[in-house]
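The values are calculated or read from the model by the stated rules, or taken from the named source; none is laboratory data. All values derive from a computational prediction rather than experimental measurement. Here the Cβ is made from the backbone with ideal geometry for all residues, glycine too, and neighbour counts use every protein chain on show.
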Amino acid sequence: MTEWRLNRLARIEMGIYAAGHLQFANLFADQDPNVRDLLIDNHILQAYSRQLKDLSLQETRLRRYFAKDEERYLALQKTRLEQAEEREANAPATSVHAAPLRTATADAKPIGFEFSSAPSSVALDKNLPLEASRQKQPDPKAA
C-alpha cells in the first residue's frame, strides 16, 4: 500500500508540473526555449510551493514507514525461518522413518506379504509369560 502511495505522489507532482506548463505557456515567450522551460519550472515551483512542499513531506513520511515495515517484515521472516529449522532439527527421528514404513505395509499385500496385528495383541497381555503368549497366538495359515 505504501509503495502505491509513493508512486501516486510522483504522478501528482508530475501532474502539477504538466498543468503549470500549460497554464504558464505564454510566460517568457521572448526567452530562448531551453531557458524558457527552466523559467516556467521555477515559476511553477513558486506558484505551487505549498502543494509541492506538502507532497515532499508526505513522500518523506511514507518512505520512512516503508523502510520500517520492510525491516519488521524481514525480521519476522528471519524468525519464522529459524523456528522452522529448529522444529525440523528437533523433530523425532522415528516420525520421519515411521511414515514410509506405514506406506510400505499398506502396499505389501499384493506382492505376497501379509501383516497381522493378532500376535501383538496377545503379547500385550502382561500376565502371560512370553512362551504362553506364543502358544495362545492364532495360526495365520488356519484363518
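Numerical summary
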item	result
Pair list, Cβ under 8 Å, 6 or more apart: the stretch 59-80 residue under 15 Å from MET1 (Cβ atoms), other residue among the β-branched types (Val, Ile, Thr) and surrounded by 12 or more Cβ atoms within 10 Å (Cβ to Cβ)	LEU62/THR2; TYR65/THR2; PHE66/THR2; ASP69/THR2
Test: residue in the stretch 31-49 that is under 43 Å from the mean Cα position of the chain (by Cα) and part of a helix (DSSP H, G or I)	yes
Residue in the stretch 33-48 that is of a type in the set (Ser, Thr, Tyr) and surrounded by 14 or more Cβ atoms within 10 Å (Cβ to Cβ) present	yes
Filter result for LEU27 (out of contact with any Leu (no Cβ under 9 Å at 6 or more places or on another chain) and modelled with pLDDT under 95)	no
